[in-house]
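*Asks:* Got a structure for you, written out below as structure tokens; questions coming shortly.
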Amino acid sequence: MIKKSSSAVRSTFEWVGTIAVSLVIAGIIRVFLFSPYDVHGASMEPTLMNDEKIIVNKWSYRMHEPVYGDIVVFHAEEGRDFIKRVIGLPGDRIEIKNGKVYRNGKMLNEPYIQGMTYTRDDARTIVVPKGSLYVLGDNRENSRDSRDLGAIPLSRVVGRADVVVLPIKHTKVLTGQEPVGSR
């Protein structure tokens, strides 16, 4: 009888230990490697839709710098996190005219916009400061981005959006569809 009791206690401690270790590992993964985020609003349509859940890779930018086309989550000054696409890197000259985006004098080919129209122009030419990114939402008519917020310091970038996980029918890998060259 005593053996059964100590066996049950030992088994309970093993389970508690296993659960505790699992929670610690999950916490480390969430804090340092990958985190779920909810998409709020229409600023990234058609790429990301309102209420989708994405996984953000927090580790990626510890290994390398962001690249054109990456979809990044960053802390906005309003105390909220925003999600936008990287259009400009440090030193790039960005201009928006006649509804088209130009980087270093070349009009970008942006296939992820899928025929959406854009009428707001920004006659200013902006040079992206060192240690910052220029980001735009894919739904340019309905996005608060670098046109309003200015360049985003890399220190505010949480990570790169890698995967849409929910709803299941929208599951997809978010490849960095780089806005490329002139047409």
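*Asks:* Taking LYS172 as the anchor, which aspartates and glutamates have their alpha carbon closer than 16 Å to its alpha carbon, excluding any fewer than eight residues away along the same chain?
*Replies:* Straight-line reach from LYS172, under 16 Å: ASP38, GLU45, ASP51, GLU52, ASP70, ASP162.
*Asks:* In nm, to one decimal, how far is the VAL127 label point from the ALA42 one, both placed 7 Å along Cα→Cβ?
*Replies:* Rounded to a tenth, the inter-label distance reads 3.8 nm.
*Asks:* Please state, to two decimals, what the Cα-based radius of gyration of region 35-173 comes to when divided by 2.2 N^0.38 Å (N = residues).
*Replies:* Dividing the Cα Rg of region 35-173 by 2.2 N^0.38 Å gives 1.00.
*Asks:* Before anything else, pin down the relative contact order of region 35-173: Cα pairs under 8 Å, at least 6 apart, normalised by residue count, whole percent.
*Replies:* 31 percent
*Asks:* Suppose every K and R has +1 on its Cβ and every D and E has -1 on its Cβ; what is the size of the dipole of region 61-173 about the Cα centre, in Debye to the nearest 20?
*Replies:* 160 debye
*Asks:* Which aspartates and glutamates have a Cα lying under 15 Å from the Cα of LYS130, excluding residues fewer than 8 positions away in the same chain?
*Replies:* Within reach: GLU65, ASP92.
*Asks:* Okay, moving on. Could you tell me how far the Cα centroid of region 33-109 sits from the Cα centroid of region 128-149, in Å?
*Replies:* Between the Cα centre of region 128-149 and that of region 33-109, the gap is 8 Å.
*Asks:* Note down the nm distance, to one decimal, between modelled labels 7 Å out along Cα→Cβ at ASN50 and at VAL9.
*Replies:* 5.8 nm
Bear in mind that the values in this text are calculations on the coordinates, not laboratory data. All values reported here derive from a predicted model rather than from experimental measurement. Cβ: placed from backbone, ideal geometry, glycine included. Neighbour counts: every protein chain shown.
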